[in-house]
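To start, the structure under review is shown below, and the notes come after it.
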Amino acid sequence: MNGILSGLLFGATVVALVLGLTCIVMAILSGKSGAEGLREKIEYGFMGVSGLTVTLVLGYAAA
């Protein structure tokens, strides 16, 4: 049973890491300019940092 929970925790950690990094890359590569572009970059950046924070919390829980 412990192996199943560890596997699910690892899977959730990997998903959070990938989504966090993807959002950060999307914020960097955003092609829009002006107020709309800045808003989009802030939103993607916030979601990316949130994803990385969730990754750190799940990684700490797995340790």
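Every number in this text was worked out from the coordinates using simple rules, so none of it is lab data. Just so it is clear, the model here is predicted, and its values are computed rather than measured. Note that each Cβ is placed from the backbone with ideal geometry, even for glycine, and that neighbours are counted across all protein chains shown.
Under the condition of being in contact (Cβ under 8 Å) with a residue 12 or more places away in the chain, more than 27 Å from Gly7 (Cα to Cα) and of a type in the set (Ser, Thr, Tyr), which residue from the stretch 18-63 is surrounded by the fewest Cβ atoms within 10 Å (Cβ to Cβ)?
Among them, the one singled out is Ser30.
Yes or no: the stretch 4-13 includes at least one residue that is touching a Gly at 6+ places or on another chain (Cβ under 9 Å) and among the β-branched types (Val, Ile, Thr).
Taking every residue of the stretch 4-13 in turn, at least one turns out to be touching a Gly at 6+ places or on another chain (Cβ under 9 Å) and among the β-branched types (Val, Ile, Thr).
Could you tell me whether the stretch 21-35 includes any residue that is in contact with a Ser or Thr (Cβ under 7 Å, 6 or more places away or on another chain) and in a helix (DSSP H, G or I)?
There is no residue in the stretch 21-35 that is in contact with a Ser or Thr (Cβ under 7 Å, 6 or more places away or on another chain) and in a helix (DSSP H, G or I).
From the list Leu38, Leu9, exactly one residue is under 18 Å from Gly59 (Cβ atoms) and either part of a helix (DSSP H, G or I) or touching a strand residue (DSSP E or B) at 6+ places or on another chain (Cβ under 8 Å) (or both). Which is it?
Numbers: Leu38 fails: under 18 Å from Gly59 (Cβ atoms).
Result: Leu9 is the single residue among Leu38, Leu9 that is under 18 Å from Gly59 (Cβ atoms) and either part of a helix (DSSP H, G or I) or touching a strand residue (DSSP E or B) at 6+ places or on another chain (Cβ under 8 Å) (or both).
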